[in-house]
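*Asks:* This is the structure I have questions about; it appears just below.
The values are calculated or read from the model by the stated rules, or taken from the named source; none is laboratory data. None of the values given here were measured: they were computed from a predicted structure. Don't worry about glycine lacking a Cβ; one is built from the backbone with ideal geometry, like all the others, and counts go over all protein chains shown.
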Amino acid sequence: MLSEELRPISDVSSDLTIEVGSTSFALHKFPLVLRSGRIRKLLLKAKDTKVSRINLTGLPRGSDAFELAAKFCYRVNVDITISNVTLLRCAARFMKMTEDIIEKNLEIRTKVFLTDAVFPNISNSISVLHCCETLLPVSKEVNLVSQLINAIANNTCKEKLTSGLSKLEYNFPRKPVQCVDSKTPSDWWEKSLAVLNLDFF
C-alpha cells in the first residue's frame with residue numbers, strides 16, 4: 001500500500017516494503033532512515049545490505065500509527081490534534097524519531113503541542129489522558145500519563161483557588177463586584193473525569 005499522500009518522489013521506484021501487521025507499505029529508504037532511528041538500526045543490522053522488506057512488530061495501533069509516522073518522514077503535513085497527539089507521541093517513541101536523529105523530529109513536535117495546547121487546559125488534558133488508556137503501556141513509558149495527571153491536578157487547584165478568590169471579591173463591598181456565572185459549575189471538570197477508567201481516575 002502506498003498512500004497518495006506519500007508520493008512526493010513517486011518517480012523513484014519503491015526500494016523498501018514495511019510490513020505492519022497485515023498491511024504492507026511500499027516506500028523509500030531515504031526519507032525513513034533520515035527521521036526514524038528504528039528503521040535506520042534495522043537496516044544496519046540486516047545481514048543483506050540490499051534488504052528490501054522489514055517487518056515492524058509491537059507498534060502501538062499498528063498500521064494507523066505507522067502511516068502517520070511515514071507521512072511525517074515524507075514531510076507531508078501531519079496536523080497534530082487533541083485526538084491524535086497520544087498516538088503520535090507513542091509512535092515517535094517506537095520509531096525513535098528523536099532530536100538526536102534529526103532536528104524538529106516528530107517527538108519534539110508532539111512535546112511542543114502538549115506543552116502549548118494540552119497541559120495548560122484541563123479539558124484537553126482529560127481528553128488526551130482518555131486516549132492514553134488504549135495505548136498502554138507505551139503511553140506510560142513515555143511519561144505522558146503522569147504528566148497529564150500532574151497537569152490536571154495543578155490546573156484544578158488553580159481553578160479552585162481562582163474561584164475562591166472570585167467569591168471573596170463578590171462578598172467584599174469595597175471592591176467592584178464581578179458577576180460569577182452560576183450556570184457554569186466550578187467543579188465541571190469532576191464530571192469530565194468520569195470518562196476515565198478507574199485506575200486513571
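*Asks:* What are the residues in the stretch 31-51 that are surrounded by 13 or more Cβ atoms within 10 Å (Cβ to Cβ) and over 23 Å from the mean Cα position of the chain (by Cα), if any?
*Replies:* Here is the first cut: in the stretch 31-51, the ones surrounded by 13 or more Cβ atoms within 10 Å (Cβ to Cβ) are 31-40, 42-43, 46, 51.
Scanning the stretch 31-51 gives 42, 43, 46, 51.
*Asks:* Quick check: is even one residue across the stretch 115-123 out of contact with any strand residue (DSSP E or B) (no Cβ under 7 Å at 6 or more places or on another chain), within 23 Å of residue 62 (Cβ to Cβ) and surrounded by fewer than 21 Cβ atoms within 10 Å (Cβ to Cβ)? Let's see the steps before the verdict.
*Replies:* Step one: filter the stretch 115-123 for residues out of contact with any strand residue (DSSP E or B) (no Cβ under 7 Å at 6 or more places or on another chain), giving 115-123.
Then keep just the ones that are within 23 Å of residue 62 (Cβ to Cβ); that gives none.
For the stretch 115-123, residues out of contact with any strand residue (DSSP E or B) (no Cβ under 7 Å at 6 or more places or on another chain), within 23 Å of residue 62 (Cβ to Cβ) and surrounded by fewer than 21 Cβ atoms within 10 Å (Cβ to Cβ): absent.
*Asks:* Looking at residue 67 and the list (1) surrounded by 15 or more Cβ atoms within 10 Å (Cβ to Cβ); (2) at negative phi; (3) out of contact with any strand residue (DSSP E or B) (no Cβ under 9 Å at 6 or more places or on another chain); (4) charged (D, E, K, R), which single condition is not satisfied?
*Replies:* (3)
*Asks:* Another question, then. Looking at the stretch 26-47, can you tell me whether even one residue there is in contact (Cβ under 8 Å) with a residue 24 or more places away in the chain, over 16 Å from residue 95 (Cβ atoms) and of a type outside the set (Val, Ile, Thr)?
*Replies:* For the stretch 26-47, residues in contact (Cβ under 8 Å) with a residue 24 or more places away in the chain, over 16 Å from residue 95 (Cβ atoms) and of a type outside the set (Val, Ile, Thr): present.
*Asks:* Quickly run through the stretch 83-100 and pick out the residues that are assigned to a helix (DSSP H, G or I) and either closer than 20 Å to residue 58 by Cβ or at pLDDT below 95 (or both). Walk me through how you get there before you give the answer.
*Replies:* Going through the stretch 83-100, the residues assigned to a helix (DSSP H, G or I) turn out to be 85-95.
Scanning the stretch 83-100 gives 86, 87, 88, 89, 90, 91, 92, 93, 94, 95.
*Asks:* Please verify whether the stretch 101-114 includes one or more residues that are in contact (Cβ under 8 Å) with a residue 60 or more places away in the chain, under 26 Å from residue 29 (Cβ atoms), assigned to a helix (DSSP H, G or I) and of a type outside the set (Val, Ile, Thr). Write out each step before concluding.
*Replies:* The initial filter retains those residues of the stretch 101-114 that are in contact (Cβ under 8 Å) with a residue 60 or more places away in the chain, namely 101-102, 105-106.
From what's left, under 26 Å from residue 29 (Cβ atoms): 101-102, 105-106.
In the following step, the residues that additionally are assigned to a helix (DSSP H, G or I) were identified as 106.
Now drop any that are not of a type outside the set (Val, Ile, Thr), which leaves 106.
There is at least one residue in the stretch 101-114 that is in contact (Cβ under 8 Å) with a residue 60 or more places away in the chain, under 26 Å from residue 29 (Cβ atoms), assigned to a helix (DSSP H, G or I) and of a type outside the set (Val, Ile, Thr).
*Asks:* Let me ask you something else. Name the residues in the stretch 121-137 that are without any contact (Cβ under 8 Å) to a residue 40 or more places away in the chain and either hydrophobic (A, V, I, L, M, F, W, C) or touching a Phe, Trp or Tyr at 6+ places or on another chain (Cβ under 9 Å) (or both), would you?
*Replies:* 125, 136
*Asks:* For a quick check of your reading of the model, give me the residue pairs whose first member lies in the stretch 54-79 and is in contact (Cβ under 8 Å) with a residue 60 or more places away in the chain, whose second is in a loop (DSSP other than H, G, I, E, B) and surrounded by 16 or more Cβ atoms within 10 Å (Cβ to Cβ), with beta-carbon atoms closer than 7 Å and at least 6 apart or on different chains.
*Replies:* Within 7 Å, the pairs are 71/78.
*Asks:* So, in the stretch 148-165, of the ones that are more than 18 Å from residue 133 (Cα to Cα) and of a type in the set (Val, Ile, Thr), which residue ends up modelled with the highest pLDDT?
*Replies:* Looking at the filtered set, the residue picked out is 156.
*Asks:* Do the conditions hold for residue 118, that is, is it farther than 30 Å from residue 24 by Cβ, touching a residue at least 12 places away in the same chain (Cβ under 8 Å) and among the β-branched types (Val, Ile, Thr)?
*Replies:* Numbers: farther than 30 Å from residue 24 by Cβ: yes; touching a residue at least 12 places away in the same chain (Cβ under 8 Å): yes; among the β-branched types (Val, Ile, Thr): yes.
Spelling it out, residue 118 is indeed farther than 30 Å from residue 24 by Cβ, touching a residue at least 12 places away in the same chain (Cβ under 8 Å) and among the β-branched types (Val, Ile, Thr).
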